[in-house]
1. Let me confirm something: among 12, 82, 60, 21, which residue is at pLDDT 95 or above, within 16 Å of the ligand (Cβ to nearest atom) and out of contact with any strand residue (DSSP E or B) (no Cβ under 9 Å at 6 or more places or on another chain)?
2. Any residue that is under 19 Å from residue 81 (Cα atoms), modelled with pLDDT under 95 and in contact with a helix residue (DSSP H, G or I) (Cβ under 6 Å, 6 or more places away or on another chain) - is there at least one of those in the stretch 48-55?
3. Output the residue which, of all residues in the stretch 37-57 that are surrounded by 12 or more Cβ atoms within 10 Å (Cβ to Cβ) and in a loop (DSSP other than H, G, I, E, B), is nearest to the ligand (Cβ to nearest atom).
4. Filter the stretch 60-75 down to residues that are outside any helix (DSSP H, G or I) and either in contact with a helix residue (DSSP H, G or I) (Cβ under 9 Å, 6 or more places away or on another chain) or farther than 15 Å from residue 93 by Cβ (or both), then give me how many there are.
5. All but one of (1) within 16 Å of the ligand (Cβ to nearest atom); (2) at pLDDT below 95 hold for residue 27; state the number of the condition that does not hold.
6. Return the total of residues in the stretch 85-109 being surrounded by fewer than 18 Cβ atoms within 10 Å (Cβ to Cβ), in contact with a helix residue (DSSP H, G or I) (Cβ under 9 Å, 6 or more places away or on another chain) and either at pLDDT below 95 or part of a strand (DSSP E or B) (or both).
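The values are calculated or read from the model by the stated rules, or taken from the named source; none is laboratory data. What you see is a predicted model, and the numbers here were worked out from it, not measured in a lab. Cβ sites come from the backbone with ideal geometry, for glycine too, and all protein chains shown count toward neighbours.
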Ligand SMILES: C[C@H](O)[C@H](O)[C@H]1CNC2=NC(N)=NC(=O)C2=N1
């Protein structure tokens, strides 16, 4: 896992999609977006405070990764879409951020 490096991301290969993306999609709750190569998931929290705590943690991670979610928040709901703008599709950074986001949502919901 090339944490903290600044390698330019590349699109996931078909094989990487099978091994890395499939677990997020199958049962992981993420879905392929309509009309673009991206993944999306909706997170629902108890209230705005938990939603915003989640967003704050994800924002700090996004800055460290230099990889940022496209997202929207309404009260206790956060809709997240991930893709890699520079490659116009999904890269390992989306997989890494998605896993962090799932982990963070579990913590924030405690
Ligand atoms: C200049 C800066 O490194 C780039 O614009 C980064 C910032 N965050 C990014 N986030 C995402 N999701 N995709 C990108 O291509 C991207 N590029």
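1. Details: 12 fails: out of contact with any strand residue (DSSP E or B) (no Cβ under 9 Å at 6 or more places or on another chain); 82 fails: out of contact with any strand residue (DSSP E or B) (no Cβ under 9 Å at 6 or more places or on another chain); 21 fails: out of contact with any strand residue (DSSP E or B) (no Cβ under 9 Å at 6 or more places or on another chain).
From the options 12, 82, 60, 21, the qualifying one is 60.
2. no
3. Per the criteria, the residue is 38.
4. Our first condition is that a residue be outside any helix (DSSP H, G or I); within the stretch 60-75, this holds for 66-75.
Adding the requirement that they be either in contact with a helix residue (DSSP H, G or I) (Cβ under 9 Å, 6 or more places away or on another chain) or farther than 15 Å from residue 93 by Cβ (or both) leaves 66-69, 71-75.
Number of matching residues: 9.
5. (1)
6. Our first condition is that a residue be surrounded by fewer than 18 Cβ atoms within 10 Å (Cβ to Cβ); within the stretch 85-109, this holds for 85-89, 99-100, 102-103, 106-107, 109.
Filter again for in contact with a helix residue (DSSP H, G or I) (Cβ under 9 Å, 6 or more places away or on another chain), leaving 99-100, 102, 107, 109.
Filter once more, keeping what is either at pLDDT below 95 or part of a strand (DSSP E or B) (or both): 107, 109.
Count: 2.
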